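Engineer: Have a look at the structure that comes next, please.
The values are calculated or read from the model by the stated rules, or taken from the named source; none is laboratory data. Please read all numbers here as calculations on a predicted model, not as lab measurements. Counting neighbours? That spans all protein chains shown, and the Cβs are built from the backbone with ideal geometry, glycine included. Please note that ligands, DNA and RNA were not included when accessible areas were found on the heavy atoms of the full protein model with its side chains. Shrake-Rupley method; radii C 1.70, N 1.55, O 1.52, S 1.80 Å.
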Amino acid sequence: MSKRRLSSFVFASWFCILTAHLKLVRCQFGDFSPPQLPTPAAQGFLTDIAYSNLENFTSEVLSSKFVRDYSFCVQNPEADWNQAFNYSSDVSFLTACLAKFGDVTRRLCTAAEVGIYFDNIKNGGSLKPNRNCNSSHWLPGCEPGWACSADSDEQVDLQNSRVVPARGSDCGSCCEGFFCPNGISCMIPCPLGAYCPLATLDKNTGICTPYSYRLPAGQTNHTCGGANVWADVRSNSEIFCSAGSYCPTSTEIIPCGSGNYCPMGSTDEKRCFKLISCDSKSEKQNIHAYGIMLIAALSTLLLIIYNCSDQILSTRERRYAKSREAAARTVKEKSQARARWRAAKDAAKKHVVELQSQLSRKFSKKNLEESEEVRILGRKDSEREDDLYPPMLPISEISASASGVKATNPSHHVDLRYNKQDDSSSFDDFYSHSGDEHMQKKISKDKEIHTRSQIFKYAYSQLEKEKAQQQQNKNLTFSGVLTMATNNVVQKRRLIEISFRDLTVTLKHKHKKLLRSVTGKIKPGRITAVMGPSGAGKTTFLSALAGKTVGCTVSGTILINGKTVSIHSYRKIIGFVPQDDIVHGNLTVEENLWFSSRCRLSADLPKPDKVLIVERVIDSLGLQGIRGSLVGTVEKRGISGGQRKRVNVGLELVMEPSLLFLDEPTSGLDSSSSQLLLRALKREALEGVNICTVVHQPSYTLFQMFDDLILLAKGGLTVYHGPVKKVEEYFANLGIVVPERVNPPDYYIDILEGMVKTSLSSGVSYIDLPIRWMQHNGYPVPPDLRTTNSAESAVMTESIDHDHQDPGFRDNSVTEEQSFAGEVWQDVKVNVQHHSDRIRHTFLKSTDLSYRRTPNIFLQYKYFLGRVGKQRLRDSKTQAIDYLILLIAGACLGSLTKANDATFGYGAYTYTIIAVSLLCKIAALRSFSQDKLQYWRESAAGISSLAHFASKDTVDLFNIVIKPVVYLSMFYFFSNPRSSFGYNYSVLLCLVYCVTGIAYTLAIFLEPGPSQLCSVLLPVVLTLISTLLNASKFVKDLANFCYPKWALEAFVIGNSERYYGVWLLTRCGALQRYGYDVHHWGLRLAFLILAGVGFRIVAFVGMLIFQKK
């Protein structure tokens, strides 16, 4: 600033001298004009002084005016001034004007006159009358393209003047490089990027070309002058340097050379990118090839990522399977070798026994009593134990003797059994350095098993041990149950016993009793079957015990291990198998089971033990042959329905529950699959698991595999609760005998359905059976069930809605309206109660009594990342289709909606926001809409909802980052806006992040159909609201909260900043018209990111609240 002030002072001094000199010349030579400068050196010196004063004028007057009135479109005043009015590189236009008029400074517009001009532009009206140009006084300089000097007696202060000076002398055409507006008799310098030559008269049209003004009528001596206006390009583009040429000064225009391109308003040539050929006079460079190259590179990268990831996963799974198969083969070979060794040993022992028998017949009794040691195969005959050859006894005696062993010394039998096994050889040769079981367990606990092969050998050797032990137990007793129960090596789980008394479940809104006065107990180590006809409340009973009832009132007493505690306190060790097969279809059988085990087993459990548990479940459920097969979905078939049902059960078995509820696990299974499933459940029961399952008409063989039976009648009343073996005896005492060749469960259910009449001799009706059971056990009978008639009426009325009334009682329409209003109000209350119950289930905090430390949220997040990543890789075709649609949309919109210079791409960016929002929303809906059922099941089991949500959002970040590149690879290189690729990518990245959060919210709160409809409508409606220019105040305020406005403003601002110099007024006019501010680019991006975060929070809270239990 000091330099500028010094220049002003020097200019003022020289200006006084120059004025005196010019006056003297005029006195001597009369009308001779313009004065000639003495020498070229003096002319250059005066030019420098004039430019210094012009520089001060433009920087102080014009810049301050712009900063004050146009701050919304000027981000950096100094930079914008340099790009518009920095003529230091070439001042030839000023030299020419000095040579023509001499005194240039007095012809320049003062601050007051410049203010009049810019106020006119801002307000969009005509120039106001001023001192020199009005209806009574109109100077020749008031015409467009002309200007006059200030009168000699006027003191001209360009920077600080507030009054228009009087002008009337030396009127003439505007100098080249300046423009002289209509109605103002002064000159304003043209900005850089403009071309302001003197006009020439076109006699055919009477227009001063290249401008559009005409000569004033009646003034024959008036000629065409210079430029007359600098305005928004939409209203007047006459002084803009034409496209295909560049203007280094405002008086020179040069065609653009080959290999360069020159957009409208250019001050220099711009070099075309490599690999692109630009012809001469090119306005833009054709960069379609770069778009094709970018999409090719991106496609290659995506193919590498997907293929390599798929190959890595496939190779890893293949190596995993080979290790497992090798370990299984090794263990099986060793097991077969041990079996052959035992067979040979038994044959040798049998030979010894036969030899002893032969010798006993030859020698006397005395010699036989003498002890002899006979060595066969390195062993002494005295080592043979008598209990290896037990005497052949009847089955009942064997059972009795085994029971006696259990009662007297249970551990002795187990130790004896395992000693026999160890005598033959070590069961697992993997532990070659250790010979006893204690050391094996110690090694496992110390995690010395760390390689994959070692882990599998350990797991399969343990499975072989268990199979051999089960076979040995079958040989020792008729079922092998007693020996397995006393085995201290089998892991015992926490025992849970549930007893219930007068358990009643009532619908809140209809007061209908779904379950009534149910009393009993389900015990650990036993499988309890719940049976009954349709509408008997079997699933309701299971839900009441599991604490999953919604919209119902549960009364009565439920005790867990004799204490009144919440069932949710044991949630970590309780399994619930739903009736529907809710599994992940795009995961393999093994992956489904492994995920459940990782998230629900104890975090302290070593990996070898987890592998053992999963392999045991796979083996027991008969899933070995399909362990690597995808479960499948509706669109893509996978395993069969029966296999899917077993996987559904296996998800709960791998977490080693202490209490297991199953809702019709055998429905849809054939007889062999059902027996396989029941045998797996039987094995769980031997470990102390309390199993309660709803069964629908099992076969007799399957029925005999259950331990206890709960038989319910319609209305939720108990008909029988006790051992399965005594159910026929109980009903026989009532006079109900099962006919021959009839399945007892089917017969009892037919009786309860009323399809089969009981015999007259029994004197018992199916309605009396619940009362007979209460009387049999001494339970109190409700008053309304004490007589047969009342019981029948009670059962019948339970299925009738209490709100229903005979139309005859409604005597007028008012009653009908009130009844309708009451029903609507009742429905509203029911919905509110349902939501409150779900919220209570979700946020209910109970004391953890399971004493199982499951993996923390970070470990679960890690497991979820692996699972979601695999699912997305297997869904790569859908991802590829999404990218292809974005490519097509980008190419179409980029070709059809070019980035218009006058609007800074406003229209093209508007369509971009609609297209990208719509496509990305629909794609993001799949993240949470396709596996809602799986999430509800996992969250009910205690798996972290935050880990589930965060993992999906993290994996979606890949699409959020890639999709803007895919779209811009076509749109940007077809529309070719002036803003950089990075600017456009930043805005589009924030936009995609925002709309992805909105899609999460829609997917969680709405069903798939409505959510897709909203995903289509929202971008269109919100964009229309955001682009209404002449809207009411309410609509404008509403638009401020719409994400399309934030994105569109960021796009337009980023593009408009690349327009400078002569485009300055166009930029300000466009931003003023749209209501944008150039300082808000970063703020709008922040709004988009915050909106994305906010919608994600809303979606997560909705996921917690609006979940079905």
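Engineer: Just the residues that are hydroxyl-bearing (S, T, Y), without any contact (Cβ under 8 Å) to a residue 60 or more places away in the chain and either surrounded by fewer than 20 Cβ atoms within 10 Å (Cβ to Cβ) or not in a helix (DSSP H, G or I) (or both), please, taken from segment 581-625.
Structural biologist: Listed by number, the list holds a single entry, T588.
Engineer: Quick check on segment 305-318: of everything there that is free of Cβ contacts under 8 Å to residues at least 12 places away in the same chain and within 25 Å of Y460 (Cβ to Cβ), which residue is most open to solvent (accessible area, probe 1.4 Å)?
Structural biologist: Narrowing segment 305-318 to residues free of Cβ contacts under 8 Å to residues at least 12 places away in the same chain: 305, 307-308, 311-312, 314-316, 318.
Narrowing the set further to residues that are within 25 Å of Y460 (Cβ to Cβ) leaves 314-316, 318.
Numbers: S314: 40, T315: 53, R316: 156, R318: 119 Å².
Applying the filter and picking the extreme gives R316.
Engineer: Given the criterion in a helix (DSSP H, G or I), open to solvent by less than 10 Å² (accessible area, probe 1.4 Å) and not hydroxyl-bearing (S, T, Y), identify the matching residue among C148, C97.
Structural biologist: Answer to the selection: C97.
Engineer: Still on this structure, please answer the following. Please state which of the following conditions D801 fails to meet, knowing it meets all the rest: (1) under 49 Å from the mean Cα position of the chain (by Cα); (2) surrounded by fewer than 16 Cβ atoms within 10 Å (Cβ to Cβ); (3) modelled with pLDDT of 90 or more.
Structural biologist: D801 satisfies every listed condition except (3).
Engineer: Next question. List pairs: first in segment 234-250 and farther than 16 Å from Y1060 by Cα, second aliphatic (A, V, I, L, M) and buried (at least 18 other Cβ atoms within 10 Å of the Cβ), Cβ under 8 Å, 6+ apart or cross-chain?
Structural biologist: Hits for this filter: N236/V229; E238/A227; E238/V229.
Engineer: Would you please name the residue that is most open to solvent (accessible area, probe 1.4 Å), looking only at residues in segment 509-548 that are part of a helix (DSSP H, G or I) and not basic (K, R)? Break it down stepwise before answering.
Structural biologist: Taking segment 509-548 and keeping what is part of a helix (DSSP H, G or I), we get 538-546.
If we keep only those that are not basic (K, R) as well, we get 539-546.
On the way: T539: 57, T540: 32, F541: 0, L542: 0, S543: 22, A544: 10, L545: 2, A546: 13 Å².
For segment 509-548, the residue satisfying everything is T539.
Engineer: Name the residues in segment 166-178 that are open to solvent by 10 Å² or more (accessible area, probe 1.4 Å) and part of a loop (DSSP other than H, G, I, E, B), would you?
Structural biologist: Correct list: A166, E176.
Engineer: Looking at segment 702-723, which of the residues that are of a type in the set (V, I, T) and touching a helix residue (DSSP H, G or I) at 6+ places or on another chain (Cβ under 7 Å) is nearest to E652 (Cα to Cα)? Show your work before the answer.
Structural biologist: Step one: list which residues in segment 702-723 are of a type in the set (V, I, T), which gives 710, 718-719.
Still in the list and also touching a helix residue (DSSP H, G or I) at 6+ places or on another chain (Cβ under 7 Å): 718-719.
Numbers: T718: 28, V719: 30 Å.
Applying the filter and picking the extreme gives T718.
Engineer: Among the candidates Y195, Y213, single out the residue that is more than 60 Å from the chain's Cα centre (by Cα) and of a type in the set (S, T, Y).
Structural biologist: Working: Y195 fails: more than 60 Å from the chain's Cα centre (by Cα).
Among Y195, Y213, only Y213 is more than 60 Å from the chain's Cα centre (by Cα) and of a type in the set (S, T, Y).
Engineer: Restricted to segment 549-580, and to residues that are of a type in the set (D, E, K, R) and surrounded by fewer than 20 Cβ atoms within 10 Å (Cβ to Cβ), which residue is farthest from R501 (Cα to Cα)?
Structural biologist: D580
Engineer: Ok, one more. Could you grab me the full set of residues in segment 179-204 that are polar (S, T, N, Q) and buried (at least 22 other Cβ atoms within 10 Å of the Cβ)?
Structural biologist: Scanning segment 179-204 gives a single hit, S185.
Engineer: Across segment 117-129, what is the number of residues that are at pLDDT 80 or above and surrounded by 18 or more Cβ atoms within 10 Å (Cβ to Cβ)?
Structural biologist: Let us first name the residues in segment 117-129 that are at pLDDT 80 or above, namely 117, 129.
When the remaining residues are screened for being surrounded by 18 or more Cβ atoms within 10 Å (Cβ to Cβ), the result is 117.
Counting residues in segment 117-129 that are at pLDDT 80 or above and surrounded by 18 or more Cβ atoms within 10 Å (Cβ to Cβ) gives 1.
Engineer: Here's something else I'd like to know. When only residues in segment 713-743 that are outside any loop (DSSP other than H, G, I, E, B) and basic (K, R) count, which is most open to solvent (accessible area, probe 1.4 Å)?
Structural biologist: Restricting attention to segment 713-743, the residues satisfying the condition of being outside any loop (DSSP other than H, G, I, E, B) are 713, 717-733.
Subset that is basic (K, R): 725-726.
Working: K725: 178, K726: 118 Å².
Checking each candidate, the answer is K725.
Engineer: Right, here's the next one. Just checking, which of D1077, D1037 is acidic (D, E) and within 20 Å of P77 (Cβ to Cβ)?
Structural biologist: Step by step, each of D1077, D1037 is checked, and only D1077 is acidic (D, E) and within 20 Å of P77 (Cβ to Cβ).
Engineer: Given the residues L677, L669, which is the only one that is of a type outside the set (K, R) and in contact with a Ser or Thr (Cβ under 9 Å, 6 or more places away or on another chain)?
Structural biologist: Details: L669 fails: in contact with a Ser or Thr (Cβ under 9 Å, 6 or more places away or on another chain).
The unique qualifying residue is L677.
Engineer: While we're looking at this one, here's another question. Run down A343, A347 and say which single residue is modelled with pLDDT of 80 or more and closer than 28 Å to Q462 by Cβ.
Structural biologist: Values: A347 fails: closer than 28 Å to Q462 by Cβ.
Exactly one residue qualifies, and that residue is A343.
Engineer: Given the residues T912, T903, which is the only one that is out of contact with any Lys or Arg (no Cβ under 7 Å at 6 or more places or on another chain), assigned to a helix (DSSP H, G or I) and either open to solvent by 20 Å² or more (accessible area, probe 1.4 Å) or closer than 30 Å to S235 by Cα (or both)?
Structural biologist: T912
Engineer: Return yes or no: is V634 under 36 Å from the mean Cα position of the chain (by Cα), hydrophobic (A, V, I, L, M, F, W, C) and within 30 Å of R493 (Cα to Cα)?
Structural biologist: No, not satisfied.
Engineer: Residues of segment 1041-1068 being touching a residue at least 60 places away in the same chain (Cβ under 8 Å) and either aliphatic (A, V, I, L, M) or touching a strand residue (DSSP E or B) at 6+ places or on another chain (Cβ under 7 Å) (or both), which ones?
Structural biologist: Matches in segment 1041-1068: A1047, L1048, A1050, V1052, V1062, L1064, L1065.
Engineer: Sticking with this structure for a sec: Kindly establish whether D157 is part of a loop (DSSP other than H, G, I, E, B), over 60 Å from the mean Cα position of the chain (by Cα) and either without any contact (Cβ under 8 Å) to a residue 24 or more places away in the chain or crowded, with 20+ Cβ neighbours inside 10 Å (or both). Before you say what the answer is, go through the steps one by one.
Structural biologist: Working: part of a loop (DSSP other than H, G, I, E, B): yes; over 60 Å from the mean Cα position of the chain (by Cα): yes; either without any contact (Cβ under 8 Å) to a residue 24 or more places away in the chain or crowded, with 20+ Cβ neighbours inside 10 Å (or both): no.
Taking the combined requirement at face value, the residue does not satisfy it.
Engineer: Here's a follow-up. Of the numbered conditions (1) under 19 Å from D901 (Cβ atoms); (2) open to solvent by 50 Å² or more (accessible area, probe 1.4 Å); (3) in contact with a helix residue (DSSP H, G or I) (Cβ under 6 Å, 6 or more places away or on another chain), R1073 satisfies every one except a single condition; which is it?
Structural biologist: (3)
Engineer: Among the listed residues V1035, V1078, identify the single one that is β-branched (V, I, T) and without any contact (Cβ under 8 Å) to a residue 24 or more places away in the chain.
Structural biologist: Matching residue, one of V1035, V1078: V1035.
Engineer: May I pose another question? Can you tell me how many residues within segment 1034-1056 are farther than 20 Å from L1017 by Cα and surrounded by 21 or more Cβ atoms within 10 Å (Cβ to Cβ)?
Structural biologist: Number of matching residues: 8.
Engineer: May I ask you to list the residues in segment 631-664 that are over 27 Å from A544 (Cβ atoms), open to solvent by 10 Å² or more (accessible area, probe 1.4 Å) and either part of a loop (DSSP other than H, G, I, E, B) or without any contact (Cβ under 8 Å) to a residue 40 or more places away in the chain (or both)?
Structural biologist: Scanning segment 631-664 gives T633, V634, E635, K636, R637, G638, I639, S640, G642.
Engineer: Looking at Y983, is it of a type in the set (S, T, Y), part of a helix (DSSP H, G or I) and open to solvent by 20 Å² or more (accessible area, probe 1.4 Å)?
Structural biologist: yes
Engineer: For segment 998-1033, which positions are more than 18 Å from the chain's Cα centre (by Cα), open to solvent by 20 Å² or more (accessible area, probe 1.4 Å) and among the polar types (S, T, N, Q)?
Structural biologist: Within segment 998-1033, T1027, N1030, S1032 qualify.
Engineer: Hey, another quick one. So in segment 329-345, with the set limited to residues that are in contact with a Leu (Cβ under 9 Å, 6 or more places away or on another chain) and surrounded by 12 or more Cβ atoms within 10 Å (Cβ to Cβ), which one is farthest from G625 (Cα to Cα)?
Structural biologist: So the residue we want is K345.
Engineer: Would you call G291 among the small types (G, A, S) and surrounded by fewer than 19 Cβ atoms within 10 Å (Cβ to Cβ)?
Structural biologist: Working: among the small types (G, A, S): yes; surrounded by fewer than 19 Cβ atoms within 10 Å (Cβ to Cβ): no.
Considered against the rule, which asks whether it is among the small types (G, A, S) and surrounded by fewer than 19 Cβ atoms within 10 Å (Cβ to Cβ), G291 comes out as no.
Engineer: Okay, moving on. Please count how many residues of segment 947-980 are assigned to a helix (DSSP H, G or I) and touching an Asp or Glu at 6+ places or on another chain (Cβ under 8 Å). Quick ask: steps written out before the conclusion?
Structural biologist: Residues of segment 947-980 assigned to a helix (DSSP H, G or I): 947-975.
Those left that are additionally touching an Asp or Glu at 6+ places or on another chain (Cβ under 8 Å): 948, 959, 963.
Summing the residues that are assigned to a helix (DSSP H, G or I) and touching an Asp or Glu at 6+ places or on another chain (Cβ under 8 Å) in segment 947-980 gives 3.
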